[in-house]
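This report refers to the structure that appears directly beneath it.
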Amino acid sequence: MKILQAGLTLLQKLIPISLAFWVSHIVLRILLLFRSDPYGLPFVSKPDWYIFHAVCLDFLWICNSLLIFLLLAIIVKFLTSPGTTKNDDSVHNRKISSNAILIILYVLFHSAILLLTFLDNEVQRFLGSHLSFGLANTYKDTSSIEMFWDYGANDYSVPYLQFFVFAFILPFTYAVYRPLYIWIAAPSDHHGVKSNVTMKKPVIAMLIFYIASFLFIHFIWTGNARMTKLKPVVSLIYSEFSPRAKNKTLTDTELALYGKSYQNLWLSIEGDSLWQFPQTDFELKNPLYRIPSEKLTQSEHLLSQRAQKPNFIVIFLESQRALNTGFLNPQLQPTPTPFFDSLAAHSRVWERMFASGLPTTGGLLSSHTGIPHHSKLAQATDLAHVSLPSFASVLSDSGYATHYFSAADPAWDNLGVWMAKWYNAQHYNRNREDDSTFFVHASSYIGDTLVRRKSPFLATLMTRSNHYPFNFAAGMSNEEKRKPLTERINYTMNYADRQLARFIRSLEHEEWFQNTYIIILADHAFPLGENGVSTMNGGAFSNATWIPFLISGKGIEAKRDTATTAQIDIAPTILELAGMAVPNIFMGHNLLRGYGSGLSLGAYSGFAAIGFDGYRLITKYPLIPGDAQWLFAESDTHQKNNMASSRPEEVESLKGILDTLIKLSDYSLERGIQNPPAK
């Protein structure tokens, strides 16, 4: 009974403390979500879609911490309860002492977390990345701390606001705590303990809100990208210290061994000696880093392409399944993609193109960087502080006007941070999320603004209407929306196809269009039950990773290519068309080289895949002995015949190559290009 009484006494103190810190966290969330970033752009374009999740997330972890400290107090009380007869004053003093210590520790814990949350918020505003040991290591130099003052002074939101918040957030918390303490925990009987009846009200209210918060964020309105962006600092700290979350750093010996193996493989697939992997100290730490030979940079072909200054329109079609694309499946009647099919008939088509990451963040980032998505980290958020080149950044540095158009909010999954690094400008408006209005705006801006500039341009477009649950197509009837997913996707893909047709036809008769390359692909596909998979994290089968891909433009021969390819090949291919050969860390290959059967590589949620030497291997990753693998012939794009049990030698060979490449790609994504040698 005394233990229960001690717990109740402590609870009366901890509840107002917890609620006061919760209010302060709400204030920090509002200051993060409803302000712009330091560069004047909205941190998120839909703060109303975030704030309630943020409030619920903070309430959950704060209540969890309250329960942990309360349980600790009960354990301490139990262990310190007298086993022999001792006077009550001694026991009472010991109870007060242990409770007081726990309350102090509780306040110190939450104060530290509150200040770290403030710092994490500011890091997200400036860098787009959560606070982490990796980021701290990147910016450990004292000059980075000095620059923080300059960032605050030039903040396009409210200059210096962060310094005032840092100074006053703890006093504000105490000011909130006082009335809460009086209401909840102030003594009201002659024993100095709040009546149980009065205490029941806040406890019951908190319990109800806890259950409602849990149901809201986990079942009613979920969203992995949003949850990653709103991840509380306590979760970040746990992730940093969790053994399962840690990434093993490659030793110098492993780096040299894996690097040499990769470089030999890359050169053999490329099929010429026009690129070199130097062996200086810098390159040994950056094994993907390669430089072009003078023979390549001064080649007649590249000089001719560079002199033409071609424009680029790169279109990523949301969830465009190759399995539902007509020109890749002639048996589909009627085809959901008649315009795409007609365009493919006059373009260079690669029939075996695979996404290098899932979902949209994985597809877009790997297409830009030429490196598969990280096998374990949420790359868009966890590695936003890393410096990585892309085809867009190379074109930007070379004088191109580079613009990124997105029908979906790029801040949703932190893509806006990456695009801000690579592009001159971004275009998004929540009133243009339908592909129809989105393509109209993109067409108008390209025709009225970009083409009027003296410089060539790159316009990258990311559509939205063909998105799960595949009912966003304007004009879909209620009857169509009630059809199974396997049928609904045909409606939305057809809708996106019609909007794509309107976009291309609005531009194709313009004079500048004749000097423009059109590149169309998907960010990823979508599983609809094939291979027993119906979720995006269920594997790397064709239903999620096989995507359509074509290039159309001046000098591009209409042809169908069966070489295996992946999104990591996009970046080097675009730069080839631009006539540029620059030092880079792209793992992909120029698809126009006309040599070899190619290589496809991708890392997904707990899976990885490689296509090489006539086979495509899909396996759980990291590799664990005994885990199932799937082996298909590259020609088996629908993946009907798993040959893993009958071709064990091919499985083991591809597993070794895959492990080497993914370890190197993860290492390079975490490191980026650090201090490249001066030219």
Fill in the blank from the handout: Of (1) at pLDDT 95 or above; (2) touching a helix residue (DSSP H, G or I) at 6+ places or on another chain (Cβ under 8 Å); (3) over 24 Å from N264 (Cβ atoms), T573 satisfies every one except (3)
Completion exercise
Log entry, pairs with first residue in the stretch 529-541 being in the same structural domain as G611 (by TED's automatic domain parsing) and more than 15 Å from Q639 (Cβ to Cβ), second being in a loop (DSSP other than H, G, I, E, B) and aromatic (F, W, Y), beta carbons closer than 9 Å, six or more apart or on different chains, reads M536/Y468; M536/F526; M536/Y604; N537/Y604
Handout entry: Considering residues of the stretch 455-475 that are in contact with a Lys or Arg (Cβ under 8 Å, 6 or more places away or on another chain) and buried (at least 16 other Cβ atoms within 10 Å of the Cβ) only, the residue modelled with the highest pLDDT
Key = P456
Practice task
Can you tell me which residue among F209, F214 is more than 20 Å from V582 (Cβ to Cβ), modelled with pLDDT of 95 or more, assigned to a helix (DSSP H, G or I) and out of contact with any Phe, Trp or Tyr (no Cβ under 8 Å at 6 or more places or on another chain)?
Solution key: F214
Exercise for the section: Output the number of the condition that E240 fails; it satisfies all remaining conditions of (1) under 23 Å from L388 (Cα atoms); (2) buried (at least 18 other Cβ atoms within 10 Å of the Cβ); (3) in contact with a Ser or Thr (Cβ under 7 Å, 6 or more places away or on another chain). Expected result: (2)
Exercise for the section: Only one of these is under 29 Å from the mean Cα position of the chain (by Cα), in a helix (DSSP H, G or I) and not acidic (D, E): I518, I574. Name it. Expected result: I574
Exercise for the section: Would you check if there is a residue in the stretch 394-415 being assigned by TED's automatic domain parsing to the domain that holds Y621, part of a helix (DSSP H, G or I), within 17 Å of the chain's Cα centre (by Cα) and surrounded by 24 or more Cβ atoms within 10 Å (Cβ to Cβ)? Expected result: yes
Problem - Of residues in the stretch 618-629 being in a loop (DSSP other than H, G, I, E, B) and touching a strand residue (DSSP E or B) at 6+ places or on another chain (Cβ under 6 Å), the one surrounded by the most Cβ atoms within 10 Å (Cβ to Cβ) - result: Y621
Problem - In the stretch 508-558, the residues that are more than 23 Å from N590 (Cβ to Cβ), buried (at least 22 other Cβ atoms within 10 Å of the Cβ) and among the hydroxyl-bearing types (S, T, Y) - result: S542
Fill in the blank from the handout: Just one listed residue, out of L296, L303, L284, L288, is farther than 23 Å from G579 by Cα and touching a residue at least 24 places away in the same chain (Cβ under 8 Å), and it is L284
Exercise for the section: Could you tell me whether any residue of the stretch 108-130 is assigned to a loop (DSSP other than H, G, I, E, B) and at pLDDT 85 or above? Expected result: yes
Problem - So D569, is it crowded, with 22+ Cβ neighbours inside 10 Å and of a type in the set (D, E) - result: yes
Practice task
Considering each residue of the stretch 450-469, count those that are touching a residue at least 40 places away in the same chain (Cβ under 8 Å) and assigned to a loop (DSSP other than H, G, I, E, B), and give that number.
Solution key: 9
Completion exercise
Here the residues within the stretch 34-71 that are touching a helix residue (DSSP H, G or I) at 6+ places or on another chain (Cβ under 6 Å), among the charged types (D, E, K, R) and farther than 19 Å from Y151 by Cβ are D58
Completion exercise
Of the residues in the stretch 216-227, those that are buried (at least 17 other Cβ atoms within 10 Å of the Cβ) and either out of contact with any Cys (no Cβ under 7 Å at 6 or more places or on another chain) or within 16 Å of G128 (Cβ to Cβ) (or both) number 2
Handout entry: Verdict on L575 being closer than 23 Å to L255 by Cα, in contact (Cβ under 8 Å) with a residue 40 or more places away in the chain and of a type in the set (A, V, I, L, M)
Key = no
Handout entry: Condition met for S455 (of a type outside the set (V, I, T) and in contact with a Gly (Cβ under 6 Å, 6 or more places away or on another chain))
Key = yes
Fill in the blank from the handout: Residue pairs qualifying under the 7 Å Cβ cut-off, at least six apart or on distinct chains, with the first in the stretch 612-623 being in the same structural domain as A355 (by TED's automatic domain parsing) and more than 17 Å from K663 (Cα to Cα) and the second being surrounded by fewer than 15 Cβ atoms within 10 Å (Cβ to Cβ) and aromatic (F, W, Y), are none
Completion exercise
Going through (1) assigned to a loop (DSSP other than H, G, I, E, B); (2) more than 28 Å from F339 (Cα to Cα); (3) at pLDDT 95 or above one by one, L599 fails only at (1)
Practice task
Evaluate the following for Y615: is it of a type in the set (S, T, Y) and either surrounded by 24 or more Cβ atoms within 10 Å (Cβ to Cβ) or at pLDDT below 95 (or both)?
Solution key: no
Practice task
Restricting attention to the stretch 527-554, report how many residues are charged (D, E, K, R) and closer than 22 Å to L592 by Cα.
Solution key: 1
Exercise for the section: Name the one entry in P372, P336, P359, P330 that is farther than 18 Å from V417 by Cα and at pLDDT below 95. Expected result: P330
Exercise for the section: Scan the stretch 525-571 for residues that are on the phi > 0 side of the Ramachandran plot and part of a loop (DSSP other than H, G, I, E, B) and jot them down. Expected result: G529, G539, G553, G555
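The values are calculated or read from the model by the stated rules, or taken from the named source; none is laboratory data. Since this is a predicted model, take the numbers as computed values, not measurements. Cβ: placed from backbone, ideal geometry, glycine included. Neighbour counts: every protein chain shown.
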